[in-house]
Amino acid sequence: MRTYKFRVVVEQDEDGVYVVSVPALKGCYSQGDSVDEALTNIKDAIHLHIEARKSLGEPIPIEVLIDEVEVSV
């Protein structure tokens, strides 16, 4: 068994629900009524996403760089 680490993005939608995505795993999303619940749920989603990729023989993406950019509009 291997341990993976991924950055997640937590946003709150207009209904107050917390939505979590994993930029390195395209299409891997979850949600929760609190940040803690959303983070717990995304762990399950990541686990299932990785299992699916492995069963299809697809590689597991590894994050190379996380950075911020500033844009003035």
Can you give the Kirkwood hydrodynamic radius for the chain, in Å, rounded to one decimal and based on Cα pairs? 13.5
Once the Cβ-Cβ distance between GLU68 and MET1 is put in as r, and R0 is 35 Å, what FRET efficiency do you end up with, to the nearest 0.05? 0.60
Modelling each spin label as a point 7 Å along the Cα-to-Cβ direction, I'd like the VAL35/GLU11 distance in nm, to one decimal. 1.7
For the chain, which GluC sites (Glu not before Pro) pass both filters: DSSP loop (anything but H, G, I, E, B) and at most 14 other C-beta atoms within 10 Å? GLU14, GLU63, GLU68, GLU70
At 222 nm, what value in deg cm²/dmol follows for the chain if DSSP H runs of at least 4 each add -39500 (n - 2.57) and the sum is divided by all its residues, to the nearest 500? -10000 deg cm²/dmol
Tell me the chymotrypsin sites (Phe, Trp or Tyr not before Pro) within the chain that lie in a loop according to DSSP and have at most 10 other beta-carbon atoms within 10 Å. none
Which of SER30, SER55, SER21 moves the most in a Gaussian network model of the chain with Cα springs under 10 Å? SER55
Could you give each residue of region 6-23 its phi-based ³J(HN,Hα) in whole Hz, using Karplus coefficients 6.51, -1.76, 1.60 with θ = phi - 60°, and x for Gly or Pro? 9, 7, 10, 10, 10, 10, 10, 7, 5, 8, x, 7, 8, 10, 10, 10, 10, x
What order do you get for VAL8, VAL17 when you list them from fewest to most C-beta neighbours inside 10 Å? VAL17, VAL8
Using the 10 angstrom Cβ neighbour count as an exposure proxy, how do VAL19, VAL9, VAL69 rank, fewest first? VAL69, VAL9, VAL19
Crossing angle, helix 35-55 versus the chain [Cα axis fit, 0-90 degrees, rounded to tens]: 30
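Values quoted throughout were computed directly from the atomic coordinates according to the rules given, and no laboratory measurement underlies them. Every value quoted in this text rests on a predicted model; they were computed, and no experiment measured them. For neighbour counting, all protein chains shown are included, and Cβ atoms are generated from backbone atoms with ideal geometry for every residue, glycine included.
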